[in-house]
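Written out below as structure tokens is the structure these notes cover.
The values are calculated or read from the model by the stated rules, or taken from the named source; none is laboratory data. In this text the structure is predicted, and so the values were computed from the model without any measurement. Using ideal geometry, Cβ is built from the backbone for each residue, glycine included, and neighbour counts are taken over all protein chains shown. Side chains are part of the model used for accessible areas, which takes the heavy atoms of the whole protein and leaves out ligands, DNA and RNA. Shrake-Rupley method; radii C 1.70, N 1.55, O 1.52, S 1.80 Å.
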Amino acid sequence: MALSLPRLDPSTSLWNLLTTGTTNDDGRCPGLITREAFTPAVYKMRFETGRVRESLGETSFYPYVEIGFTITDHSQKFHVPLLCSRFSYSPYRGS
């Protein structure tokens, strides 16, 4: 699944795209961003869920899912799983 990771610039209230990636067969996107670039800030991940459903010959109620989150301690490991079906989704902070 294609995804993107922008960060909110608090001085302009604009989102700046940091990186993009594609999940692997395990649903993860290792190396999406370096620890040094993952500074304390507000971020959002955009998952292109509709494209995945289209590739399976299905329709999706959600063409994409955006999850906003705040990083306060960038030294921690972060895992942002997204469970989704055609008509629902559920994000959570993983371990």
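Summary table
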read-out	value
So residue 54, is it in a helix (DSSP H, G or I), acidic (Asp, Glu) and open to solvent by 60 Å² or more (accessible area, probe 1.4 Å)	yes
Test result for residue 69, hydrophobic (A, V, I, L, M, F, W, C), part of a strand (DSSP E or B) and within 21 Å of residue 21 (Cβ to Cβ)	yes
Complete set of residues in the stretch 63-74 that are open to solvent by less than 70 Å² (accessible area, probe 1.4 Å) and hydroxyl-bearing (Ser, Thr, Tyr)	none
Test: residue in the stretch 13-20 that is in contact with a Lys or Arg (Cβ under 9 Å, 6 or more places away or on another chain), of a type in the set (Phe, Trp, Tyr) and at pLDDT below 95	no
Residues that are loosely packed, with under 15 Cβ neighbours inside 10 Å, assigned to a loop (DSSP other than H, G, I, E, B) and not polar (S, T, N, Q), drawn from the stretch 24-47	25, 26, 27, 28, 30, 31, 35, 36, 37, 40
Failed criterion for residue 79 (all others in (1) over 11 Å from the mean Cα position of the chain (by Cα); (2) part of a loop (DSSP other than H, G, I, E, B) hold)	(1)
Residue 1 being under 17 Å from residue 92 (Cα atoms), out of contact with any His (no Cβ under 8 Å at 6 or more places or on another chain) and either surrounded by 14 or more Cβ atoms within 10 Å (Cβ to Cβ) or among the basic types (Lys, Arg) (or both)	no
Test: residue in the stretch 12-23 that is over 22 Å from residue 93 (Cα atoms), in contact with a Pro (Cβ under 7 Å, 6 or more places away or on another chain) and surrounded by fewer than 17 Cβ atoms within 10 Å (Cβ to Cβ)	yes
Those residues of the stretch 75-95 which are hydroxyl-bearing (Ser, Thr, Tyr), under 25 Å from residue 51 (Cα atoms) and exposed (fewer than 12 other Cβ atoms within 10 Å of the Cβ), in sequence order	88, 90, 92
